[in-house]
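For reference, the structure is listed below as structure tokens.
The values are calculated or read from the model by the stated rules, or taken from the named source; none is laboratory data. Here the structure is a predicted model, which means the values were calculated and not measured. Don't worry about glycine lacking a Cβ; one is built from the backbone with ideal geometry, like all the others, and counts go over all protein chains shown. We work out accessible area using only protein heavy atoms, side chains counted, and drop any ligands, DNA or RNA first. Shrake-Rupley method; radii C 1.70, N 1.55, O 1.52, S 1.80 Å.
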Amino acid sequence: MAAEYGERYPDASVIPMREYVQQTMSYATDALRGAAVLSAVFGPGVALLNTSLFLRLVLSRDRGKTGLLSAVGFSSGEIVGQVRLKVLVAAAAGTAMGVVFAGTAGESLVGLLVASAGLGIGELAFIPDPLIAYGVYPLALMGAGLLGALLLTAPLRRADKSAWLGR
Amino acid sequence: MTGATTAQAVTQAPTALECRDLAKTYYSTDPPSEVVSGIDLAVRRGGFLAVMGASGSGKSTLLYNLSGMDRPTGGRALLEGRDLTSLGDREMSRVRLTRVGLVFQQASFLRTLNVRDNILLPALKAASGKRQAAEAAARGDGLMERFGIAHVGRHGITQVSGGQLQRASICRSLACEPSVLFADEPTGALNSSMTKEVMDALTDVHAGGATIVMVTHDPACAARADRVVFLRDGRLVDSREFGAWNEEEAGRREDDLITWLREQGL
Ligand SMILES: Nc1ncnc2c1ncn2[C@@H]1O[C@H](COP(=O)(O)OP(=O)(O)OP(=O)(O)O)[C@@H](O)[C@H]1O
Ligand SMILES: [Mg+2]
């Protein structure tokens, strides 16, 4: 279509809309894409760090309880399994909330930020790849959380049980 | 039965607990610290052993390595002839659940459960099927009755006294009918009247045929045992034998122990 117009109006330079957006807005879309990729890469890292810190806190708070449960006959496998399940549930809930938030309020919020940044963009629409936004990425976030739990709870299996009794 | 014949019966009974050349070294310290070593010990079924020694001499460490809580780094620990050092994590936890009862200085309970549910927790975990669960519950209720805490069964664990709580620990440790009851300073956090409550309970348990290993600093508590061993720097250095416990002899035995402990440098 653009080519047709180009023939009819040889004085004007006619380019397709997509290309026009690319040319005029590329500084903004590129920046946004860069930010998205960057946060996609750091997201799981932050999730891993967060879970680890949180879990460290929970584990030291529950130390006495862990000692008690193992003294009365729960195996390290059972105790560690329970901790990991808890982390998985928490990570899944957190991720689900994040996905819902990004899908609803996220767009207008980022739009507002971009608009207030004075880039000349009044309105912004995300065009997410549903497979990535609602499948692969949430799984990656949860996986990062679970990885943190695995790493932190692995030494518990080998530890002496009395170490948890706080003697 | 007189004291002498009970003592004889205990000597002839089969071994409940045994360790040979037991050692525990902590490698987390630099340099590694060998906390107990070269421990040879046997406790007959129905025996009541008290472990004494200065602070840091390794009493708790010995107890935990005999009871399937921790893993010895040397030697062997046998419970009813079964070598604990060869067991995996799951088998060890099964031993703690069904063959061993543990009582600690600080009675430890789940805050979210009432006293009775705390007592029944391991017994219900061990039970397979409704009938066994009902039996376990009946056994737990019987124990609570026996040790005078049946009336606080529905109380939260913060609503009962330290002595009651420690008797609840004893009920919990006995609910699975263990072959040995281990107690680490069970009266260490109690006043003298609660101490007597708890020691009367343990003496009663022993009189019922249970095997007990108890760590204590208190000569009056150790006097309840039929044998007392002394630990110094992680080694067994001396021991003392008594007949069965009886109230009249209590004072004399305690004095005897105090003299003995003084000889040991305590
Ligand atoms: N997990 C551990 N890592 C390193 N050292 C330890 C550990 N547990 C205990 N120890 C050390 O082992 C020694 C013996 O400790 P243990 O608790 O067995 O003594 P105890 O005789 O029970 O003392 P107390 O009468 O104070 O209870 C102590 O010096 C203690 O610091
Ligand atoms: Mg101790």
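Evaluated at q = 0.09 Å⁻¹, a Debye calculation over the C-alpha positions of the stretch A:26-165 (equal weights, vacuum) places log10 I(q)/I(0) at -0.41. In a reduced charge model with +1 at each Lys and Arg Cβ and -1 at each Asp and Glu Cβ, the protein assembly as shown shows a dipole moment near 720 debye about its Cα centre. Here the Karplus curve 6.51 cos²θ - 1.76 cosθ + 1.60, taken at θ = phi - 60°, turns the phi angles of the stretch A:90-106 into couplings of 4, 5, 5, 5, x, 5, 4, 5, x, 5, 4, 4, 4, x, 10, 6, x Hz, with x standing for Gly and Pro. Note that the stretch B:163-266 presents 40 Å² accessible area per residue, ligands and nucleic acids not counted, probe 1.4 Å. Dipole magnitude for chain B: computed about the Cα centre from +1 point charges on Lys and Arg Cβ and -1 point charges on Asp and Glu Cβ, it is near 940 debye. In chain B, the DSSP-assigned H stretches of four residues or longer account for a calculated mean residue ellipticity at 222 nm of -12000 deg cm²/dmol, using -39500 (n - 2.57) per stretch and the full residue count as denominator.
Cross-link partners of A:Lys161 among lysines, defined as those whose alpha carbon lies under 20 angstrom from its own and excluding same-chain residues fewer than eight positions apart: A:Lys65, B:Lys24, B:Lys59, B:Lys125. For the stretch A:26-165, averaging the sequence separation of C-alpha pairs within contact (under 8 Å, six or more residues apart) and dividing by the residue count gives a relative contact order of 47 percent.
In the stretch A:88-162, the C-alpha radius of gyration followed by the widest Cα-Cα span (Dmax) gives 18.6, 64 angstrom. Distance from the alpha carbon centroid of the stretch B:49-124 to that of the stretch B:135-203 works out to 16 angstrom.
Taking the alpha carbon gyration tensor of the protein assembly as shown, multiplying each eigenvalue by 5 and rooting it gives semi-axes of 67, 22, 18 Å, largest first. Surface analysis of the stretch B:25-120 yields an accessible area of 41 Å² per residue, using protein heavy atoms and a 1.4 Å probe.
Using only side-chain charges placed at the Cβ, +1 for Lys and Arg and -1 for Asp and Glu, the dipole size of the stretch A:26-165 relative to its Cα centre rounds to 840 debye. Restriction of the trypsin sites (Lys or Arg not before Pro) in the stretch B:123-185 to DSSP coil positions whose beta-carbon has at most 16 other beta-carbons within 10 angstrom yields B:Arg154.
At a threshold of 50 Å², the residues of the stretch A:140-162 that become less accessible to a 1.4 Å probe in the full protein assembly than in their chain on its own are A:Asp160, A:Lys161.
Each residue of the stretch B:93-107 was assigned a 3J(HN,Hα) from its phi angle through the Karplus expression (A = 6.51, B = -1.76, C = 1.60, θ = phi - 60°), giving 5, 5, 4, 5, 6, 10, 9, 10, x, 10, 10, 10, 4, 8, 4 Hz with x at Gly and Pro. Only helical runs count toward this figure. For chain A, summing -39,500 (n - 2.57) over DSSP H runs of n ≥ 4 and dividing by all residues gives -24500 deg cm²/dmol at 222 nm.
Based on Cα coordinates alone, diagonalise the gyration tensor for chain B, multiply each eigenvalue by 5, take square roots, and list the semi-axes in whole Å, largest first.
For chain B, the semi-axes come out at 28, 23, 18 Å.
Listed highest first by mean packing, meaning other Cβ atoms within 10 Å per residue, what order do B:210-223, A:70-83 come in?
B:210-223, A:70-83
Here the accessible area is traced with a 1.4 Å probe on the protein chains. For chain B, carbon and sulfur cover 48 percent of it. Since only B:Ile212, B:Val198, B:Phe230 are under comparison, the one whose Cα sits farthest along the positive direction of the charge dipole of the stretch B:172-266, derived from C-beta charges on Lys, Arg, Asp and Glu, is B:Phe230.
Both chains summed, the buried accessible area for A and B stands near 1600 Å², from protein heavy atoms and a 1.4 Å probe. Taking every residue in B:96-106 and counting other chain Cβ atoms within 10 Å of its Cβ, the average works out to 4. Considering only B:His151, B:Leu110, B:Ala168, and ranking their Cα positions along the charge dipole of the stretch B:109-177 that arises from unit charges at the beta-carbon of Lys, Arg, Asp and Glu, the one farthest toward the positive end is B:Leu110. Mean per-residue shielding of peptide A:72-85 is 5, counting Cβ atoms of other chains within 10 Å of each Cβ. Across the accessible surface of chain A, with the other protein chains kept in place and a 1.4 Å probe, carbon and sulfur atoms take up 68 percent.
Considering only A:Leu69, A:Ser116, A:Gly135, and ranking their Cα positions along the charge dipole of the stretch A:26-165 that arises from unit charges at the beta-carbon of Lys, Arg, Asp and Glu, the one farthest toward the positive end is A:Leu69.
Whole-Hz Karplus values for the stretch B:146-153 come out as 4, 9, x, 10, 4, 6, 9, x Hz, taken residue by residue from phi with 6.51 cos²θ - 1.76 cosθ + 1.60 and θ = phi - 60°; glycine and proline positions read x. Across the stretch B:109-177, Cα-Cα distances exceeding 14 Å account for 50% of all pairs.
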